[in-house]
Amino acid sequence: MSNHVYKHIELTGSSTKNIEDAVNGAIAKASSTVRNIHWFEVIETRGHVENGKVAHWQVTIKVGFTLED
């Protein structure tokens with residue numbers, strides 16, 4: 001196993017569907033400019049309520065990626 005150095009960033013994704021969609025959206029957007037993403041950790045989950053129902057899910061994640069040589 002080789003040694004790796006990871007950097008991590010925080011992202012917040014949102015979705016009107018569900019938590020998983022919010023996470024996937026944040027990772028997909030970050031993947032367009034950040035290479036070598038390998039892991040994520042959910043830091044916070046919250047939402048927006050309208051008329052007694054969940055209108056938006058908001059999920060803050062920490063995303064880790066390896067640095068290139």
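Quick note: the coordinates plus some simple rules give every number you see, no bench work behind them. All figures in this text were calculated on a predicted structure; none of them were measured in a lab. Cβ placement follows ideal geometry from the backbone for every residue including glycine, while neighbour counts extend to all protein chains displayed.
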Study note, to complete from the structure: Sorted by chain and then number, the residues having a modelled amide H within less than 5 Å of the amide H of VAL34, at least 5 places away or on another chain, are none
**Study point:** Bins of 5 Å, starting at 0 and running to the largest distance - Cα pair percent for the stretch 2-69
**Key:** 4, 18, 25, 19, 13, 9, 6, 4, 1, 1, 0
Point to revise | Contact order normalised by residue count of the chain, Cα under 8 Å, 6+ apart, percent | key: 44 percent
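Report the FRET efficiency, 1/(1 + (r/R0)^6), for VAL49 and ILE9, where r is their Cβ-Cβ distance and R0 is 30 Å, rounded to 0.05.
Efficiency computed from Cβ-Cβ geometry: 0.60.
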Review point. Suppose R0 equals 25 Å; then what is the FRET efficiency for LEU67 and ASN24 from their Cβ-Cβ distance, rounded to the nearest 0.05?
Key: 0.55
Practice item. Go through the stretch 14-20 residue by residue and turn each phi into a ³J(HN,Hα) via Karplus (6.51, -1.76, 1.60, θ = phi - 60°); whole Hz please, and just put x for glycine and proline. Key: 9, 7, 8, 8, 6, 5, 4
Exercise for review: Would you kindly state how much longer the chain becomes between THR16 and TRP39 on full extension, computed as 0.36 nm times their sequence separation minus their alpha carbon distance, in nm to one decimal?
Suggested key: 5.9 nm
Practice item. Take each of the peptides 29-35, 57-63, average the number of other beta-carbon atoms within 10 Å over its residues, and list them starting from the highest. Key: 57-63, 29-35
